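Structure first, then comments.
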Amino acid sequence: MRLILLGPPGAGKGTQAAVLSKDYSMPHISTGQILREAVEKKTSTGNTAKGFMDKGELVPDEIVSKMVAERLAEKDTKNGFILDGFPRNKNQAIQLDEQLKIINVKIDFVLYFKTSETTAIKRLTGRRVCPKCGLNYHTVNRPPKHDNACDMCRTLLIQRLDDNEETIRNRFKVYQDQTTPLLDYYSQTGYFKEICGDLGVNGLNKKLEELFKAEHIT
Ligand code: AP5
């Protein structure tokens, strides 16, 4: 199965992608995560991306599209993949379409998690992440079992640098201005599906399972 997850910051794209990736054995390709790793390693891409990410702006298309094209060329994407956070504007969507033609694959679903700004802001301000294994927590909705430590590896959880209120608001503005035109772009295809992103983690996952079942995807 080949999926694109679309939705505002905090819609729950990364959380659902992690579950689906495990359940359906397909790689979770998060452009945000790939960029954060590049920033951490201080690669030239990471050094360029950092300034944009810290402000909640989009990293230039040529950097991100190239990164995704390289990732899609890897063997583990042969039977499916989940794109989380890409494409994020019309130019990236066109570049992705071109890349998919080259590798001769088609997208099964663009899943749009329609989420209110109030819900998303509550989720983002409470989000905590494990810097080692990338697991996602929330201070209220999904607290770790042990005080501020990852359930899996016990590493101390951190708050993402762009999860402060000012940057969150800018990420929303960028989403409205640059990403929402993609709703029109994809809604004309037969594979665009809108899902209520305000549901809880399990409720949202259940909706996705129902959708796959109805479409005979196992
Ligand atoms: P990215 O990492 O993609 O951030 P984002 O799009 O802002 O998305 P988030 O990770 O904030 O939200 P999410 O929907 O994944 O929510 P999550 O599941 O984590 O991008 C970061 C930056 O990188 C960008 O600002 C940009 O600079 C750059 N970038 C990335 N891609 C790019 C591109 N294509 N082009 C250019 N630049 C790019 O959940 C959030 C919280 O809510 C968690 O705490 C979670 O536990 C909780 N939660 C999740 N689901 C639920 C639920 N259903 N109910 C209750 N709580 C929930």
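The values are calculated or read from the model by the stated rules, or taken from the named source; none is laboratory data. All of these numbers come straight from a predicted model, not from anything done at the bench. Note that we place each Cβ from the backbone using ideal geometry, even for glycine, and neighbour counts take in every protein chain shown. These accessible areas exclude ligands, DNA and RNA; they are computed on the full protein's heavy atoms, side chains included. Shrake-Rupley method; radii C 1.70, N 1.55, O 1.52, S 1.80 Å.
Being of a type in the set (S, T, N, Q), over 16 Å from Tyr112 (Cβ atoms), modelled with pLDDT of 95 or more and in contact with a Lys or Arg (Cβ under 7 Å, 6 or more places away or on another chain) is true for just one of Gln178, Gln159. Which residue is that?
Working: Gln178 fails: over 16 Å from Tyr112 (Cβ atoms).
Just a single option satisfies the conditions, and that option is Gln159.
Hey, does region 32-46 have a residue that's of a type in the set (D, E, K, R), open to solvent by less than 50 Å² (accessible area, probe 1.4 Å) and closer than 28 Å to Val201 by Cα?
Of all residues in region 32-46, those of a type in the set (D, E, K, R) come to 36-37, 40-42.
Next, from what is left, pick out any that are open to solvent by less than 50 Å² (accessible area, probe 1.4 Å): none.
No, region 32-46 has no match at all.
Yes/no matrix, rows are residues, columns are (1) more than 16 Å from Gln33 (Cβ to Cβ); (2) not assigned by TED's automatic domain parsing to the domain that holds Arg169:
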site	(1), (2)
Ala49	no, no
Lys66	yes, no
Lys75	yes, no
Lys90	yes, no
Lys101	yes, no
Val105	yes, no
Gly134	no, yes
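Scan region 171-218 for residues that are assigned to a loop (DSSP other than H, G, I, E, B) and open to solvent by less than 50 Å² (accessible area, probe 1.4 Å) and jot them down. Outline the logic, then answer.
Step one: list which residues in region 171-218 are assigned to a loop (DSSP other than H, G, I, E, B), which gives 180, 188-191, 197-200, 215-218.
Selection gives Thr180, Thr189, Gly197, Gly200, Ile217.
What is the residue count in region 182-208 for residues that are within 14 Å of the ligand (Cβ to nearest atom) and not basic (Lys, Arg)? Steps first, answer last, please.
As a first pass, look at region 182-208 and keep what is within 14 Å of the ligand (Cβ to nearest atom): 182, 195-208.
In the following step, the residues that additionally are not basic (Lys, Arg) were identified as 182, 195-205, 208.
Going through region 182-208 one residue at a time, the tally reaches 13.
Is there a residue in region 2-17 that is more than 6 Å from the ligand (Cβ to nearest atom) and over 12 Å from the mean Cα position of the chain (by Cα)?
The answer is yes, given that some residue of region 2-17 is more than 6 Å from the ligand (Cβ to nearest atom) and over 12 Å from the mean Cα position of the chain (by Cα).
Tell me, which residue of region 147-170 that is under 18 Å from the mean Cα position of the chain (by Cα) and open to solvent by 30 Å² or more (accessible area, probe 1.4 Å) is farthest from Phe52 (Cα to Cα)? Spell out the reasoning first.
If we filter region 147-170 for residues that are under 18 Å from the mean Cα position of the chain (by Cα), which is where we start, we get 159-163, 167-170.
Next cut, open to solvent by 30 Å² or more (accessible area, probe 1.4 Å) only: 159-161, 169-170.
Details: Gln159: 18, Arg160: 14, Leu161: 12, Arg169: 14, Asn170: 11 Å.
Applying the filter and picking the extreme gives Gln159.
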